[in-house]
Amino acid sequence: MEEVRVRFAPSPTGSLHIGGARTALFNWLYARNRRGTLVLRLEDTDLQRSTDDAAAGIIEGLKWLGLDWDEGPGVGGDYGPYRQSERLPIYRHYIQQLLDQNQAYYCFCSADELKRQREQAQSEKRNYLYEGQCRHMNDSEVKNRLAAGEKPVVRLKVDRTGQTIVNDLIRGTVQFDNQLMDDFIIAKSDGWPTYNFAVVVDDHTMHISHVIRAEEHLSNTPKQIKVYEALGWKLPQFAHVSMILAPDRSKLSKRHGATSVQEFRDEGYLPEALVNYLVLLGWSPGENIDIYPREQMIENFALENVSRSAAIYDLPKLTWMNGVYLAAADLDRIVALVTPEAAKMGWLNETNRSYFRQVVDLVRSRAKTTREILPLAGYFFVPPEHYDTKGIQKYFRPSGSTEYIRSVLDVIMTVDVFTAVHLEEGLRDKAAQMGIKASALIHPTRLALSGVTNTPGLFEVMELLGRDACQARLERALGFIGGLSAE
């Protein structure tokens, strides 16, 4: 059985986009499912746009997602270097081999000449294809022009008859008419290879068995097959994953919200939630399920279950999913994530760490991201200076509100053990004595203690705040309601 070797090969020209992250995930899952090898390769031959910061960001994003690689930067391996910018001698070796075998040739056509050809094709309303002027140049002329210091490109000789067939594991058989292909460039005038040449050399020399990549690369595949054929190399198996589109089926962009892994991290999403969401964008486990543990992903992942149709980006679903993971996550981990900001706000110090931990645990079930936790917890650290406007109208202005809050004050001052269980028992007994529903006491009390109308369970909030804080806040609310009566 052939060893499975896959690769994720991003260009470090920007951040790790969720489309790239999904491609990395699918490669990672396929490798782990087949007990194969995942190679990380940085395709940085675009020297003007590639940056070390972008490369570091991609690596950081993959690590944050928990997608480890078996060969590549920081890991090593037998088939490196794993940056294209460090592989120039390898590319030059195979370019020279194709030149020596008369499979490729130097092209000295000037930019102006090529521009003229393009404009001529445009005026005739036909696709531009290089006309092959340099294909039959004799050896002596080539040598003389090289000796004169001219810097040609290198083109691959392409047989334009017949078709090139791509047998795709996701899309099936895809045919490309060779008449639409010209003698394309495999090396630029500065000596660097073009993408379609470098990627073939890399995949072959790194023994890649399966090329799992984005749909946008499908149109490049015929040219790459021509390079494989010219070098006499066996083809890998190809699998092209469909695009991720915005809800309106347009190309996903910044206007649709966060689109990079780092942005999701900074906005308070958990990596396991993002991985869970991404795996279901275009892949189905064969059952109707949303929360999907990583172990099950590895066990069940198969390219046969990857859809040919575009996946639709659904941020509300991801946010909901993140809330599920947030509620179940290890508490100490969540506390650590919100600690820096809490300390900056003065809500956390050496004396209240246990209290802070309890607050985070109580409010996180109402948060969808870690960034929502502290805004939901503010009243635990700072008494409310204002009350919700609608809450005032509904719970403070009606007659009887003063009596209700005084009744709760009585419960607070007389309950023996200040716990949620005893507070609830005392308040409900008080409501029964007054002949009213417990909710008549609960709602104004919640507003008085927090300033808002939505909180976690009132009695858990009261227990955490403590007797003294509850008393002070209820007494302040009584003064506020008195002011309303005097208006």
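The values are calculated or read from the model by the stated rules, or taken from the named source; none is laboratory data. Treat the numbers as computed from the prediction; the structure is a model and nothing was measured. In this analysis, Cβ positions are derived from the backbone assuming ideal geometry, glycine residues included, and neighbour counts consider all displayed protein chains. The protein model used for the area step is the full one, side chains on, heavy atoms only, and it has no ligands, DNA or RNA in it. Shrake-Rupley method; radii C 1.70, N 1.55, O 1.52, S 1.80 Å.
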*Any idea of the accessible area per residue across region 1-78, 1.4 Å probe, to the nearest Å²?*
42
*Per residue, what accessible area does region 115-198 have, given a 1.4 Å probe and all protein chains present, in Å²?*
60
*Go through SER354, GLN393, GLY378 and say which Cα lies farthest out towards the positive end of the charge dipole of region 336-408; charges sit on Cβ, +1 for Lys and Arg, -1 for Asp and Glu.*
GLN393
*Net charge, VAL158 excluded, C-beta distance under 9 Å - Lys, Arg +1, Asp, Glu -1*: +2
*Assigning unit charges at the beta carbon (Lys, Arg +1; Asp, Glu -1) and nothing else, what dipole magnitude in debye, to the nearest 20, does the chain show about its Cα centre?*
860
*For region 311-422, what mean projected area does the convex hull of the alpha carbons give, in nm²?*
10.7
*Of all DSSP beta bridges located in the chain, what percent are antiparallel, nearest 5?*
55
*Calculate how steeply helix 315-328 sits against the longest principal axis of the alpha-carbon atoms of the chain, using the helix alpha-carbon long axis, and give the answer as 0 to 90 degrees to the nearest 10.*
60
*With contacts defined as alpha carbon pairs under 8 Å and 6 or more residues apart, what's the relative contact order of the chain in percent?*
12
*Just in region 262-337: which trypsin sites (Lys or Arg not before Pro) are loop by DSSP and have at most 16 other Cβ atoms within 10 Å?*
ARG308
*Solvent-accessible area, 1.4 Å probe, carbon plus sulfur percent, for the chain*: 48
*With charges set only on the Cβ (+1 for Lys and Arg, -1 for Asp and Glu), what does the dipole of region 171-225 come to about its Cα centre, in debye to the nearest 20?*
120
*Cα centroids of region 440-487 and region 105-136: how far apart, whole angstrom?*
79
*region 1-158: relative contact order as a whole-number percent, Cα under 8 Å and 6+ apart*: 20
*What FRET efficiency comes out for the pair VAL417/VAL382, r = Cβ-Cβ distance, R0 = 25 Å, nearest 0.05?*
0.40
*For a label point 7 Å from the Cα of GLN237 along Cα→C-beta, name the residues of region 1-45 whose backbone N is under 14 Å from it.*
1-7, 27, 30-37
_For region 53-141: rounded, prolate or oblate by the Cα gyration tensor [a/c cutoff 1.5]_ = oblate
*Put one equal scatterer on each alpha carbon of the chain, apply the Debye formula with no solvent term, and list log10 I(q)/I(0) at q = 0.13 1/Å to two decimals.*
-1.20
_Please give the Cα centre distance for region 143-220 versus region 271-292, rounded to the nearest Å._
34
*asked:* Restricting to DSSP H runs of at least four residues, report the calculated mean residue ellipticity at 222 nm for the chain, -39500 (n - 2.57) per run over all residues, nearest 500 deg cm²/dmol.
replied: -14000 deg cm²/dmol
*Based on the mean of other beta carbon atoms within 10 Å per residue, what is the order of 335-346, 77-88, most packed first?*
77-88, 335-346
*Accessible area of ILE185 in the full protein assembly, 1.4 Å probe (Å², nearest 10)*: 60
*What shape does region 1-103 take by its C-alpha gyration tensor, where a ≥ b ≥ c are the square roots of the eigenvalues and a/c under 1.5 counts as rounded, a/b above b/c as prolate, and the rest as oblate?*
oblate
*Averaged over all directions, how much area does the convex hull of the C-alpha atoms of region 170-250 cover when projected, in nm²?*
7.2
*Given charges of +1 on the Cβ of Lys and Arg and -1 on the Cβ of Asp and Glu, with all other atoms neutral, how large is the dipole of region 130-276 about its Cα centre, in debye to the nearest 20?*
200
*Would you please put 9-18, 423-432 in order of how densely packed they are, using the mean number of other Cβ atoms within 10 angstrom per residue and starting with the highest?*
9-18, 423-432
*Relative contact order (percent) for region 391-487, with alpha-carbon contacts under 8 angstrom and 6 or more residues of separation?*
35
*Of all chymotrypsin sites (Phe, Trp or Tyr not before Pro) in region 105-187, which ones are in loop regions per DSSP and have a Cβ with at most 16 other Cβ atoms within 10 Å?*
TYR128
*asked:* Projecting each Cα onto the charge dipole of region 3-85 (Lys/Arg +1, Asp/Glu -1 at the beta carbon, about the Cα centre), which of TYR79, GLN48, ASN33 comes out farthest on the positive side?
replied: ASN33
*Where in region 313-350 does the amide nitrogen come within less than 15 Å of the point 7 Å from the Cα of LEU245, taken along Cα to Cβ?*
313-314
*Using alpha carbons only, how many degrees (0 to 90, rounded to 10) separate the axis of helix 52-65 from the longest principal axis of the chain?*
50
